[in-house]
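This report concerns only the one structure given below.
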Amino acid sequence: MSMLKTEVAVVGGGPAGLTAALALANAGIKTALITKSPPQDDHRTTFLLLASVSALQALGAWQRCERQAAALRRMRIVDDTARLLRTPELTFDAAEIGLEAFGYNVHNRDLLNALDETARDLNASLVRIDSGAQTIVTNEHEATVALENGDEVSARLVIAADGRRSLCRSAAGIESDVHGYPQTALTFNLSHVRAHDNTSTEFHSPQGPFTLVPLPGRKSSLVFVSDPATAESMAELDDSALAGELERRAHSILGKFTLEPGRGVFALTMQTARRFASARIALIGEAAHVLPPIGAQGLNLGLRDAATVAEIVVDARRAGQDVGGDAVLERYDTARRPDVTSRTLAVDTLNRTLLSDFLPLQAAKQLSFFLMRTVGPLRRAAMREGVSPALSQPRLMRGETL
Ligand SMILES: Cc1cc2nc3c(=O)[nH]c(=O)nc-3n(C[C@H](O)[C@H](O)[C@H](O)COP(=O)(O)OP(=O)(O)OC[C@H]3O[C@@H](n4cnc5c(N)ncnc54)[C@H](O)[C@@H]3O)c2cc1C
């Protein structure tokens with residue numbers, strides 16, 4: 001058995017954990033990254049907002065996957081319900097706020113590879129340990145992580161990036177509020193006959209959104225949120241019948257679809273930790289919050305967690321403070337709460353307005369879409385807030401190194 005002593009231990013080598021580890025190690029903080037191999041069957045893509053891309057660029061990771069990513073320049077929202085009060089079609093154009101794109105859509109595997117390769121190049125200040133964390137014990141001075149391979153790592157601070165069933169969150173004694181929705185998200189990658197013109201299209205149906213997001217070339221990813229019965233009937237279709245059904249639901253806007261390998265099925269859940277830090281453990285990414293895949297918020301929030309915790313730790317270290325002490329944990333919790341709460345609320349509200357037939361709610365949605373369509377300053381403010389949330393602008397998200 002060996003014992004490694006370090007300043008910070010990051011548990012979990014998903015995108016949030018890798019980003020936090022890179023940010024800390026780049027700033028000279030002695031960091032250990034404790035990782036189990038990620039699932040190999042993830043065919044999903046992630047839409048990254050411009051601020052997330054800036055952070056990855058500042059860490060040197062974006063440069064390794066940008067050629068595999070597609071820019072998203074326009075977002076179209078179409079009411080695809082047969083309701084009495086239908087909302088007008090809404091298009092947001094990045095050029096209207098002087099940007100080339102709102103962000104980029106990239107395969108999860110390409111993003112993870114890029115982060116992973118960047119981490120492997122940083123071996124001076126980042127120790128990588130390929131073993132799962134088994135138990136975590138904390139005391140007044142340090143946290144000790146016992147690994148599956150029998151070794152131990154002790155650190156001033158543990159950053160929990162170990163996903164929605166976080167062992168670290170349990171070790172910190174933090175509970176989560178969990179809410180399930182009567183919906184399932186199906187994910188597909190498609191090639192199509194017509195060009196997407198770097199435009200995403202979100203059809204709002206009474207079961208949830210059906211969102212096509214551009215990939216490089218004549219390809220798109222699709223997140224189709226539906227009721228579980230529809231999801232089950234889709235699962236029974238062969239590729240060609242399914243492609244036809246999806247094309248019908250997309251009103252053939254991209255012409256004929258051909259399915260690429262890899263279908264995904266995800267139950268819709270919302271999960272929020274009651275605190276984001278306690279007992280020398282700070283939660284980031286899905287260890288802290290799980291959002292339904294509506295509006296592409298999950299990992300963008302997770303990367304803001306990573307950028308924020310890294311900034312607070314680096315500043316504390318430079319001020320000679322204990323990087324896992326209560327003052328640092330409190331600062332992190334306070335910094336993340338408003339951003340996570342507002343995004344969680346926004347996603348939940350949008351989803352509920354889609355599911356509900358309640359007329360006053362539909363009227364409110366119709367009014368807000370009408371105002372957004374006709375009042376330029378309001379529309380531009382919404383776009384700016386979407387790209388760069390006022391409640392969370394850590395230095396890394398502004399493209400600055402720590
Ligand atoms: C259908 C769908 C579409 C989505 N689309 C988007 C999108 O477009 N934009 C967006 O921003 N977000 C999106 N999301 C959300 C996004 O996928 C998640 O927020 C993100 O993957 C979470 O990353 P993470 O690093 O926090 O966790 P994970 O990716 O779950 O990584 C956790 C890691 O920890 C490791 N681990 C677990 N336990 C241990 C242990 N004991 N010891 C060591 N390691 C451990 C795991 O092996 C894994 O590698 C989507 C989600 C879904 C379901």
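The values are calculated or read from the model by the stated rules, or taken from the named source; none is laboratory data. Computed from a predicted model, the values in this text were never measured in an experiment. What goes into the accessible areas is simple: the full protein's heavy atoms, side chains included, and nothing from ligands, DNA or RNA. Shrake-Rupley method; radii C 1.70, N 1.55, O 1.52, S 1.80 Å.
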remark   = Here the range 293-307 yields Karplus 3J(HN,Hα) values (6.51, -1.76, 1.60; θ = phi - 60°; whole Hz; Gly and Pro given as x) of x, 10, x, 6, 9, x, 6, 4, 5, x, 6, 5, 4, 4, 5
Reachable aspartates and glutamates, given that their alpha-carbon falls under 12 Å from the alpha-carbon of K256 and they are not under 8 places away in the same chain = E245, E247
query = From the phi of every residue in the range 213-225, what ³J(HN,Hα) in whole Hz does the Karplus formula 6.51 cos²θ - 1.76 cosθ + 1.60 yield, where θ is phi - 60° and glycine or proline is x?
reply = 10, x, 10, x, x, 8, 9, 8, 9, 10, 10, 10, 8
request  = Can you check what the Kirkwood hydrodynamic radius comes to for the range 299-347, Cα pairs only, in Å to one decimal?
outcome  = 11.4
note = Asserting the computed 222 nm helical MRE of the chain (DSSP H runs at least 4 long, -39500 (n - 2.57) per run, divided by residue count, to nearest 500) equals -11000 deg cm²/dmol
task = List the pair-distance distribution P(r) of the range 141-253, using every Cα-Cα distance, as the percent of pairs falling in each 10 Å bin from 0 up to the bin containing the longest distance, rounded to whole percents.
result = 11, 30, 18, 17, 18, 5, 0
task = Could you pull the accessible area for E232 with a 1.4 Å probe, rounded to 10 Å²?
result = 120
query = Roughly speaking, what is the centre-to-centre gap between the range 306-357 and the range 371-394 when only Cα atoms are used, to the nearest Å?
reply = 20
key: Reduced Cα scattering model of the range 1-127, Debye log10 I(q)/I(0), q = 0.10, 0.15, 0.19, 0.21 Å⁻¹   = -0.44, -0.78, -1.03, -1.16
key: Spatially proximal aspartates and glutamates relative to K365 (Cα-Cα < 16 Å; intrachain offsets below 8 disregarded)   = D79, D80, E89, E202, D348, D357
query = What ³J(HN,Hα) values, in whole Hz, does the Karplus curve 6.51 cos²θ - 1.76 cosθ + 1.60 give for the range 282-290 when θ = phi - 60°, with x put for Gly and Pro?
reply = 10, 8, 10, x, 6, 5, 9, 7, 10
remark   = Percent relative contact order for the range 231-339, counting Cα pairs under 8 Å at least six residues apart, stands at 22
request  = Provide the descending list of Cα extents for the chain along its principal axes, expressed in whole angstroms.
outcome  = 63, 44, 36
ask   = With every protein chain present, what is the per residue accessible area of the chain (1.4 Å probe, Å²)?
value = 43
remark   = Shape descriptors of the range 237-295 over alpha-carbon atoms, Rg and Dmax in angstrom, are 18.7, 54
Percent RCO, i.e. relative contact order, over the range 135-181, from Cα pairs under 8 Å lying at least 6 residues apart = 27
